[in-house]
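What follows is a short report on a single structure.
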Amino acid sequence: MRHVDEGTLHAYLDGELAALGASAPEMEAHLASCPDCHALLDEARRTHGRAAEILGAAVPELLTVPPFAEVVARARAEADTQSEGRTIMDDAAAVAPAPPLPAPAKPRFRNLVASGGTRRRSWSTRTVAASLLTHAVIIAGAVYASVHMPQTVKKAQELVTYMEVKEKPPEPAKPTPPPPPPPEA
């Protein structure tokens, strides 16, 4: 028999030689007679052992979960023995006293009604004057544009017409017929 490869050795260790079409007695006879293959088998056994050790440490402990009804009954029994006439609020107060309430925040904009203020800010004389001036300028510009726009449009149309006339190339002169030959005498 030839030397055994690692895959066959691992199949032998796993008890799966039949899947490869090999028999265990033949393998054992070869391993007994071949020191190289026996050394490979020992190394594979150490690797298997180390892997099993690592995987065994990685598996969490099996926990048995009690039925839900049992958990609820145990919780009620603990609550009955601990409370003895106290309420949940009593327990909470005993654990942590309530912190003092913070002082009410001062509104940032005390003149605005939305911020809790009581008075609205009135318009100053300067603000009224600036608003009136702005509106007057806008209205005057609109009136000027509406009055002078038709005249401006008419002038623009005249200019375009003049440019079109000036840009037309002169018509070529019609050829004049040659003068008639002089009468022969």
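Where a number appears in this text, it was derived from the coordinates with a stated rule and is not lab data. Note that the structure is predicted; figures quoted are calculated from it, not measured. With ideal geometry, Cβ positions are generated from the backbone for all residues, glycine too; neighbour counts draw on all protein chains shown.
Ordered by the count of other Cβ atoms within 10 Å of each Cβ, fewest first, 133, 31 give 133, 31. Inter-label distance, residue 14 to residue 65: 3.2 nm, where each label sits 7 Å from its Cα along the C-beta direction. Spacing of the modelled spin labels on residue 32 and residue 76, each 7 Å from Cα toward Cβ, amounts to 7.0 nm.
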